[in-house]
Amino acid sequence: MQPPPTVTVDSIPEEGSSLSLALDPAWLAQVFADAAMKPAEGRRASAKLRLDRDSADVIVSGTVTARVVADCVACLEPVEL
């Protein structure tokens, strides 16, 4: 399992930084361990992030794209979302 990279505040330039990441399926499964859903098998997950500094704070914005499987509340069958 490989977690996403760690970024130190000092490494973010004043103008900010953008990251595109492939997310490890095993790491994503761990993130969803306590959720009512799990990552869909054989599907890729990714994140596109923008990191901006505000003195000692970091503002993170962006999107995470992943297919997940959850139980349908009507029929209780697994549904890929």
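The values are calculated or read from the model by the stated rules, or taken from the named source; none is laboratory data. On a predicted model such as this, the values are computed, not experimentally measured, just so you know. Backbone-built Cβ (ideal geometry, glycine too); neighbour counts: all protein chains shown. Side chains are part of the model used for accessible areas, which takes the heavy atoms of the whole protein and leaves out ligands, DNA and RNA. Shrake-Rupley method; radii C 1.70, N 1.55, O 1.52, S 1.80 Å.
Would you please name the residue that is surrounded by the fewest Cβ atoms within 10 Å (Cβ to Cβ), looking only at residues in segment 47-71 that are polar (S, T, N, Q) and closer than 17 Å to VAL7 by Cα?
As a first pass, look at segment 47-71 and keep what is polar (S, T, N, Q): 55, 61, 63, 65.
From the residues that got through so far, the ones that are closer than 17 Å to VAL7 by Cα too are 55, 61.
On the way: SER55: 6, SER61: 10.
The selected residue is SER55.
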In segment 19-33, what count of residues is obtained for those that are at pLDDT 90 or above and surrounded by fewer than 10 Cβ atoms within 10 Å (Cβ to Cβ)? 1
Residues of segment 39-59 being modelled with pLDDT of 90 or more and part of a strand (DSSP E or B), in sequence order, are PRO39, ALA45, SER46, ALA47, LYS48, LEU49, ARG50, LEU51, ASP52, ARG53, VAL58, ILE59
What pairs come up if the first residue lies in segment 9-32 and is in contact (Cβ under 8 Å) with a residue 40 or more places away in the chain, the second is surrounded by 14 or more Cβ atoms within 10 Å (Cβ to Cβ) and β-branched (Val, Ile, Thr), and their beta carbons are under 6 Å apart, counting only those six or more places apart or on different chains? VAL9/VAL58
Give the residue that is least open to solvent (accessible area, probe 1.4 Å), with candidates limited to residues of segment 34-46 that are out of contact with any Lys or Arg (no Cβ under 7 Å at 6 or more places or on another chain) and among the charged types (D, E, K, R). LYS38
Would you call ASP34 part of a helix (DSSP H, G or I) and not aromatic (Phe, Trp, Tyr)? no
Does segment 4-15 contain at least one residue that is within 15 Å of the chain's Cα centre (by Cα) and either assigned to a strand (DSSP E or B) or among the charged types (D, E, K, R) (or both)? no
